[in-house]
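Report on the structure given below.
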Amino acid sequence: MYNGVWHCIQSTYQREKVYGFYKGMALPVLSVSVCGSVCFGTYRNCLHFLSQLRHGSSDVKPARLDVFIAGCSAGTAEAMVFAPVDLVKIRQQNQTHPHQTYQGPPSRGLSSKPKYRGPIHCLITVIKEEGILGLYRGITALWLRDIPCFGLYFLVYSIFTEWLTPQGQHKPGIYIGTISRLVSHVVSWWMCWHDLLDIGNSNGCHEIPNADGWHGTAEI
């Protein structure tokens with residue numbers, strides 16, 4: 001459908017105008033604080049539990065393995081909240097309908113009227129047509145991406161803040177924290193095949209499962 005990034009940008013603007021670049025983003029923006037709270041809350045509580053279990057106190061410095069396990073738990077919980085949000089975003093982005101000023105020729109997949117009128121309507125429609133489980137299509141790829149990704153993120157962040165924080169200072173400064181977060185994001189995304197699994201998740205969220213012969217995340 002698109003020959004490259006620039007062709008995609010041109011075609012999207014020509015057919016759907018500026019709105020086409022932000023389609024499906026309302027729910028992710030509104031729910032980002034919820035997803036973040038679930039992620040960091042799960043990580044903190046899981047790390048506290050593991051420290052209590054191993055050492056009898058949460059004041060003891062956690063082991064690297066405990067940090068990784070707590071991060072994986074955070075990724076598991078975050079994906080459960082994020083999966084329906086991501087599905088709604090993908091469904092809205094996949095329905096392409098022309099802007100009222102579009103005068104070009106009809107294209108494949110370009111419908112005159114959108115099926116989903118907004119994120120809430122999309123949620124309700126998916127539940128009516130596919131049930132609650134329909135909101136979790138593609139979650140296997142999301143778990144395969146987010147569980148190790150968040151585990152590595154928190155592990156790398158813990159290692160770098162410890163390395164960069166001067167002796168005698170109990171908490172990292174704002175610059176050390178920022179650098180550690182940047183490194184953590186790069187390492188976790190690069191090592192977890194993020195783009196590949198993101199494609200698997202997107203394909204798994206399509207309206208008609210197995211239309212192209214896919215029978216699961218591995219086959220996608």
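Only the coordinates and a few stated rules stand behind these numbers; no lab work does. Owing to the predicted nature of the structure, the values given are computational and were not obtained by experimental measurement.
The string of couplings for the range 135-150 from the Karplus curve (6.51, -1.76, 1.60, θ = phi - 60°) is 6, 10, 5, x, 6, 4, 5, 5, 5, 4, 7, 7, 4, x, 5, 6 Hz, one whole number per residue in order, with x for Gly and Pro.
Compactness of the range 111-194, taken as the C-alpha radius of gyration over 2.2 N^0.38 Å, stands at 1.70.
In summary, the lysines within cross-link reach of Lys113, defined as a Cα separation below 19 angstrom excluding same-chain residues under 8 places away, comprise Lys17, Lys23, Lys89. Once all Cα-Cα distances of the range 1-55 are split into 10 Å bins that start at 0, what whole-number percent is in each one? Bins of 10 Å from zero give 20, 24, 19, 17, 13, 8, 0 percent of pairs. If you take the Cα centroid of the range 11-47 and the Cα centroid of the range 151-185, the two points sit 25 Å apart.
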